[in-house]
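These notes are about the structure you will find just below.
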Amino acid sequence: KSIRNLNASLLANPTADAYRLRATVYRHSKKFDSAIEDLKTAMSIVHSESKGKESASVKELEEIHIQMGVTLNDIGCSLLKMNKVRDAITCFRKAISRNTEAAEFHMNLANCYKQLDEFDNAVKFYTNALDILKSQEGGTDAHQYKKLSADFGHLRFERGRRLFNNTDYERAERELSEAIKLLPSQSEFLLLRGETRLKLS
């Protein structure tokens, strides 16, 4: 019903706002291709109407880019559920290019790289997400920040453990120390770092 109403509204008055609203409905219905097309149409309308209203159009285009980022992130999440990790990475990267300040996009991308055991990339995007969350309301006390810190700590421990098993003790010690900064009360982390330091002594 809502799509029918929006279709009728767009026929009578095809505004950028109306296309954006229909894009949101399409996104919630997982009709992602239609959502993307509506957002592109909204951008075209804003561009064509921007003469003499530059400041207003810039703000509106920024909002559409943010909405496009949310849509691309949702596509990435759907692909991830289908185990299409590489395709999901492409979508999450595109989402970040639309809105670099969305911690969730960086976190989702980090999780993809974690699944692929691409630790350097996972570390990079976990760090980005934590930096963004730290700057937001609640900072390091926020639940999302604490949960992400814990996930990141376990990732760095796993990386340190693998380095230890490969007898790369110097890098293992550095990685385990980073894990302990994130989760200082984890005895397993402390024990393995102790063993690593014995190997180095």
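The values are calculated or read from the model by the stated rules, or taken from the named source; none is laboratory data. Only a predicted model underlies this, so the values are computations on that prediction, with no experimental measurement involved. Note that we place each Cβ from the backbone using ideal geometry, even for glycine, and neighbour counts take in every protein chain shown. Remember, those area values only see protein heavy atoms, side chains included, never the ligands or the DNA or RNA. Shrake-Rupley method; radii C 1.70, N 1.55, O 1.52, S 1.80 Å.
Considering only alpha-carbon pairs that sit under 8 angstrom and 6 or more positions apart, the relative contact order computed for segment 91-194 is 18 percent.
Each of [x] 1.49; [y] 1.83; [z] 1.34 is a candidate for Cα Rg over 2.2 N^0.38 Å; the one calculated from this structure is [z]. In a GNM of the chain with a 10 Å cut-off on Cα contacts, which of Asn111, Asn13, Asn73 has the highest mean-square fluctuation? Maximum fluctuation in the GNM of the chain, among the listed residues, is at Asn13.
Would you work out if segment 71-122 is rounded, prolate or oblate? Take a ≥ b ≥ c from the square roots of the eigenvalues of the alpha-carbon gyration tensor; rounded if a/c is under 1.5, else prolate when a/b is larger than b/c, oblate otherwise.
It comes out oblate by the Cα gyration axes.
Short-range pairs are left out: with C-alpha atoms under 8 Å and at least six residues apart, the relative contact order of segment 38-112 is 25 percent. Assuming charge only on the beta carbon of Lys and Arg (+1) and of Asp and Glu (-1), the dipole of segment 127-201 about its Cα centre is about 160 debye to the nearest 20. Estimated from helical segments only, the mean residue ellipticity of the chain at 222 nm is -27000 deg cm²/dmol, where each DSSP H run of four or more residues counts as -39500 (n - 2.57). Sparse packing (at most 16 other Cβ atoms within 10 Å of the Cβ) combined with a DSSP loop state is found for the following GluC sites (Glu not before Pro) in segment 65-125: Glu101, Glu118.
Computed with a 1.4 Å probe over protein heavy atoms only, the accessible surface of the chain comes to 57 Å² per residue. Take every pair of alpha-carbon atoms less than 8 Å apart whose residues are at least six positions apart; their mean separation over the length of segment 137-187 yields a relative contact order of 37 percent. The accessible surface of the chain, taken with every protein chain in place and a 1.4 Å probe, is 49 percent carbon and sulfur. Averaging Cα coordinates gives a centre for segment 35-97 and one for segment 1-28; these two points are 16 Å apart.
Could you tell me which helices of the chain pass both thresholds, a Cα extent of 30 Å or more along their own axis and a mean Kyte-Doolittle hydropathy of at least -1.0, with helices taken as whole DSSP H runs? Let's see the in-between values first.
Working: long enough: 54-81 (41 Å, 0.14); 143-165 (33 Å, -1.20).
Within the chain the helices that satisfy the rule are 54-81.
About its Cα centre, the chain has a charge dipole of approximately 440 debye under the convention of +1 per Lys or Arg Cβ and -1 per Asp or Glu Cβ, with nothing else charged.
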